[in-house]
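Q: Got a structure here, written out as C-alpha cells. Questions coming.
The values are calculated or read from the model by the stated rules, or taken from the named source; none is laboratory data. Computed from a predicted structure; not experimentally measured. Neighbour counts are summed over all protein chains in view; Cβ atoms, including those assigned to glycine, are modelled from backbone coordinates with ideal geometry. Please note that ligands, DNA and RNA were not included when accessible areas were found on the heavy atoms of the full protein model with its side chains. Shrake-Rupley method; radii C 1.70, N 1.55, O 1.52, S 1.80 Å.
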Number of protein chains: 2
Amino acid sequence: MQNISENDFKILFNGTITSVPEFYASATHCGIKKSNKDDICVIYTPLNTVSSAVFTTNKFSAAPVEVCKEQLKHSRDIKAIIVNSGIANACTGKQGYDNAFKTIEIASKCLNVSQSNILVSSTGVIGKNLPMEKVASGIDFCSNNLKKDGGHAAAGAILTTDKYEKEIAVKIGDENSNFFIGGIAKGSGMIEPNMATMLCFVTTNVAISPELLDDLLKESVMESFNSITIDGCQSTNDMVVIQANGQSRIEIKKNSTYFLKFKKALDYVLKFLAKQIVKDGEGATKMININVRNAKTKLDAKNIGLKVANSNLFKTAIFGEDLNWGRITAAMGSSDLHFIPEKVDIYLFDVAIVKNGLEFLYDEKLVEDFMKKDEIDINIDLKYGDCHASIMTTDLSYEYVKINSKYRT
Amino acid sequence: MQNISENDFKILFNGTITSVPEFYASATHCGIKKSNKDDICVIYTPLNTVSSAVFTTNKFSAAPVEVCKEQLKHSRDIKAIIVNSGIANACTGKQGYDNAFKTIEIASKCLNVSQSNILVSSTGVIGKNLPMEKVASGIDFCSNNLKKDGGHAAAGAILTTDKYEKEIAVKIGDENSNFFIGGIAKGSGMIEPNMATMLCFVTTNVAISPELLDDLLKESVMESFNSITIDGCQSTNDMVVIQANGQSRIEIKKNSTYFLKFKKALDYVLKFLAKQIVKDGEGATKMININVRNAKTKLDAKNIGLKVANSNLFKTAIFGEDLNWGRITAAMGSSDLHFIPEKVDIYLFDVAIVKNGLEFLYDEKLVEDFMKKDEIDINIDLKYGDCHASIMTTDLSYEYVKINSKYRT
C-alpha cells in the first residue's frame, strides 16, 4: 500500500459511512437469514446527492443490479440505498425484478423519498425470491431508526459469511476546510451455497459533477476491487456505489485544490476495503501481493498478475510455504500477453529467484523464512515496457475446499 | 464417450504403442529420478514414417518442445523419440537447448538413425538441467534393448506422479486388410513441485500425407486433450506426437475407404487417453462431463464449458456432492461469450434443474442420489445456435490441496 502522509488525510478512529456529515444508517433482522443476524439495512442522506456506481459484468447479473442501472439512468441523486443479505435475488426472472422495484416502492413511502432517488442491493443465495413481507417490515423499522452512528450496524448487516465488518472513514483538509469519505464493504465468504458477492458503499460530503465522479470511481475500482481475486469467480451481484451529498460545500473539479487529495483518499478507502476482503477470503492463511512491473500496457501487467493469482498450483504451493517458481512462470506463460520469457525476473520480496527466465542462485534458508510470512510479495519484472499493476490474492487451503464443499465430516 | 461398434474397430487386450507392427520400445532407470522408477525410454520404428505433433502454447515452452518444432520443420520422418521423466528441461536457457540437441546426438549414434529423424521429450521439475551422463547411459541401454513388447514399460517410464499407466491399441479392418493405432499418455500428477505435463505418443502403421495427418491430429487433440482440464494450468512441456510408419500399406486419403474409420479410431484413442488422464487427476474423487449444447460457435460452447470446469466454487461443490447450480450460472455469466441468460437450461444428467434461466422444480431426493455418483454429467443447453462441445474435468478435493502444497502433516 502507498505511503500516506498526515498532510493527505487522517484515518478516523472507528470510522464508517456515517462518519460523513448528514449520512445516517440503521440495520435490523427482518427474517431473510435463518440466523438472528441483521439482514437488512438502510443508508440515507436527506441532502441531494451526486451518485455513481460500478456493477458486475456477469451475464447472469441479479435483478437489483439491473434495477440500479435503470434507476441511475433517470437520476443521479440517490438519497437512500436498501441492502439485504441472505438472498441474492439473482436468477429470479420477472418476479425478481418486481420484488426489487417493490422494495424501492416500500422504501419510498417509509422514507418519504421519491422512488427515483433510491437504490437496492442484495447478496446471498441465488435462485430464491425475497420474502417481501419481511423485507417491508425491515425497511419500516430501519426508516424509523436511522442513526448518526448506524454505519457500523449497516456494515454488519451486509455481511454473509465474512468473519468481520469492513469499514473505514478518512478526513481530508484542516480544521477550517475539510471533507470526509467513508466506506463499508463485504467480501466473498461462501459457507452457504451460492453466496459470492462483493458489495461496497461509499459516502462523501464533497460536491462533484456526475461525470468526474464516474471517472474517479471507475479508476479507483480498477486499482482496488478489480485488482483482487480469491478464486477467479465473479458474482452476479457485485456493486460499488458512491454518494456525494455536497454538505461540505467543497467542490471537487479537475485541477481544483482538493482534486488530487480527494482522488488519493478515495483510492485509499477502496484499496483498504479491498485488502480487508482479501484478508477475510475463504480459508485464506496468507495474503499474496503480486506486483507486475514494466509491462507493455497496464492491462497486460494486470492480466499477467491475474494469471498467476488464479493458478491453483501457485496458490496451493504458497499455502504449503513452498516457493515453486516454475508454477509462476507456467501460469505467466499460459497467456497471450506480451512479454519475452528470456527477459523475465522474479523476486520473492527483494530476493531474486529468476533472472532473465533462468533460476538465480538464491539463499534457500532466506527464502524458506520469507515463505513463512503471513503476507507474501511476489515481484515480477518483465523488462518489456513501463506499465505496472498489483494484484492481491490469497493462498488455497484445505479450509477453502471445506467451506465451499460443505463437506460432511 | 461415443458408441463404438465392432465394425469400426477392436480394442486390443493389453494394447499399447508396440502393438502396432514395426514399432519397438524400451525403458530403464538411468538416475534422473531419485526413486528407482524408470525415467527414460525410447520409442522406435526402423521404417520411414510420416509424423506430426501438437505442442503446448505456453510462452515458457521447454527446450525439448522448441527442439522438436525445429526438427519437424526439417523432416517429418521421425523414427525415434527419446522421452525422459523427472526433469522437464524447462526454463533452462541455452544449456537446456544444448542438452536437448545433445540427447538427439547420443540417440543418433546409439540407434544408428540420422539426427534429423529423432525427437526428444521431457517431463518433470522446471529449472533443472538434465544430467547428461546418466541420460547417455540410459539411451545406450534402451537402444540395445528395444522390444516388441516394450510399450508398457515406456508407458511407465514417462509417468511422474500418475498413479497408473495410460495405454491403448485398436485394430481397424478385417483379417485380410487391417491397420493399428496405439497410444500411451501421462497426465498432470504433481506431488513433486512443478511437475505438470501432459505427454502423449501415438503410433500407427498406415500410410498418410503429412498435411492430412496434421489436420486429423489437430482435430482429434481439440476434442480430447484440449477438452480436459484439471485446474486450468497449462504446462511448459505438453506434446502429442503421432508416427505413421506405413507398414500396413493401407493409405489414408481424404474420402478413401478407410478415412472415416481411421479418423474415428484416432479420435477414440486420444479421447480414451484424455479420459484416463482426468480420472487420474490430482486428488480427483469424481469425474465431471460438462456438455454445452446449441451454442453459436463451437469455440463458444467450449469456452463456456471451460469457464464452468475451471470454477473452484463449482468444483468444490461437486466434491461436497452439493448441486449449487448458482455456481454454474455465475461461472457461465463471467464470460464474454454469446448466450442469453433467460434462455439457458441446465440438466443434471437428464433432470432439468434450470429452465430459461430460472430454477426448475426438481426432485431433491433424485438429485441427491445422482450427486453421489462417481461420474457426473452436467448438460447445458444455450438454445442459441447449433454448436456443441464437451469438457471433461474433476472435482476439487482436500487431496488436491494436499498434493500440491506438499503440506507437512
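Q: B:N291 passes all but one of (1) modelled with pLDDT of 90 or more; (2) in contact with a Lys or Arg (Cβ under 6 Å, 6 or more places away or on another chain); (3) within 17 Å of B:S390 (Cα to Cα); which number fails?
A: If we test B:N291 against (1) modelled with pLDDT of 90 or more; (2) in contact with a Lys or Arg (Cβ under 6 Å, 6 or more places away or on another chain); (3) within 17 Å of B:S390 (Cα to Cα), just (2) comes out false.
Q: I'd like the residue in the range B:164-177 that is under 15 Å from the mean Cα position of the chain (by Cα) and not in a strand (DSSP E or B) and, out of all such residues, is surrounded by the most Cβ atoms within 10 Å (Cβ to Cβ).
A: Among them, the one singled out is B:E165.
Q: Here are some conditions: (1) in a strand (DSSP E or B); (2) at pLDDT 95 or above. B:M392 meets all but one. Which one does it not meet?
A: Checking B:M392 against (1) in a strand (DSSP E or B); (2) at pLDDT 95 or above, the one that fails is (2).
Q: Within the range A:55-76, does at least one residue satisfy the condition of being in contact (Cβ under 8 Å) with a residue 40 or more places away in the chain, buried (at least 17 other Cβ atoms within 10 Å of the Cβ), away from chain B (no Cβ under 14 Å) and closer than 21 Å to A:D149 by Cβ?
A: no
Q: Okay, next question. Taking the condition of being within 14 Å of chain A (Cβ to nearest Cβ), surrounded by fewer than 22 Cβ atoms within 10 Å (Cβ to Cβ) and either touching an Asp or Glu at 6+ places or on another chain (Cβ under 8 Å) or at pLDDT 95 or above (or both), how many residues in the range B:218-245 meet it?
A: Summing the residues that are within 14 Å of chain A (Cβ to nearest Cβ), surrounded by fewer than 22 Cβ atoms within 10 Å (Cβ to Cβ) and either touching an Asp or Glu at 6+ places or on another chain (Cβ under 8 Å) or at pLDDT 95 or above (or both) in the range B:218-245 gives 0.
Q: Further, regarding this structure: Can you say whether A:I172 is free of Cβ contacts under 8 Å to residues at least 60 places away in the same chain, in contact with a strand residue (DSSP E or B) (Cβ under 6 Å, 6 or more places away or on another chain), on the phi < 0 side of the Ramachandran plot and more than 14 Å from chain B (Cβ to nearest Cβ), as far as the supplied structure shows?
A: no
Q: Follow-up. Could you please find all residues in the range A:343-368 being open to solvent by less than 50 Å² (accessible area, probe 1.4 Å), among the hydrophobic types (A, V, I, L, M, F, W, C) and out of contact with any helix residue (DSSP H, G or I) (no Cβ under 8 Å at 6 or more places or on another chain)?
A: Once the filter is applied, which keeps residues that are open to solvent by less than 50 Å² (accessible area, probe 1.4 Å), among the hydrophobic types (A, V, I, L, M, F, W, C) and out of contact with any helix residue (DSSP H, G or I) (no Cβ under 8 Å at 6 or more places or on another chain), the range A:343-368 yields A:A352, A:V367.
Q: On the basis of being β-branched (V, I, T), open to solvent by 20 Å² or more (accessible area, probe 1.4 Å) and within 10 Å of chain B (Cβ to nearest Cβ), does A:I340 make the cut?
A: Yes, satisfied.
Q: Can you name the residue in the range B:77-99 that is surrounded by fewer than 24 Cβ atoms within 10 Å (Cβ to Cβ) and either in contact with a Gly (Cβ under 7 Å, 6 or more places away or on another chain) or not basic (K, R) (or both) and, of all such residues, is nearest to A:L337 (Cα to Cα)?
A: Per the stated criteria, the residue is B:G93.
Q: For the range A:85-94, does any single residue satisfy the condition of being more than 14 Å from chain B (Cβ to nearest Cβ) and among the aliphatic types (A, V, I, L, M)?
A: So far as the range A:85-94 goes, no, none of its residues is more than 14 Å from chain B (Cβ to nearest Cβ) and among the aliphatic types (A, V, I, L, M).
Q: Still on this structure: Could you check, for the range A:123-135, whether at least one of its residues is in a helix (DSSP H, G or I), crowded, with 17+ Cβ neighbours inside 10 Å and either in contact (Cβ under 8 Å) with a residue 24 or more places away in the chain or of a type in the set (S, T, Y) (or both)?
A: Within the range A:123-135, one or more residues are in a helix (DSSP H, G or I), crowded, with 17+ Cβ neighbours inside 10 Å and either in contact (Cβ under 8 Å) with a residue 24 or more places away in the chain or of a type in the set (S, T, Y) (or both).
Q: Another question, then. Restricting attention to the range B:374-389, which residues are closer than 22 Å to B:G187 by Cβ and part of a loop (DSSP other than H, G, I, E, B)?
A: Selection gives B:D374 alone.
Q: Quick check on A:D381: is it away from every other protein chain (no Cβ under 11 Å), of a type in the set (D, E, K, R) and crowded, with 19+ Cβ neighbours inside 10 Å?
A: Criteria met by A:D381.
Q: Using beta carbons and a limit of 6 Å, which pairs, at least six apart or on different chains, have the first residue in the range B:323-346 and of a type in the set (S, T, Y) and the second one part of a loop (DSSP other than H, G, I, E, B)?
A: That search, which allows pairs on different chains as well, returns B:T329/A:F60; B:T329/A:C91; B:S334/A:N58; B:S334/A:Q234.
Q: Scan the range A:38-54 for residues that are within 22 Å of the chain's Cα centre (by Cα) and either open to solvent by 20 Å² or more (accessible area, probe 1.4 Å) or within 27 Å of B:E342 (Cα to Cα) (or both) and jot them down.
A: The answer is A:D38, A:Y44, A:V50, A:A53, A:V54.
Q: Yes or no: A:A352 within 7 Å of another protein chain (Cβ to nearest Cβ) and small (G, A, S)?
A: no
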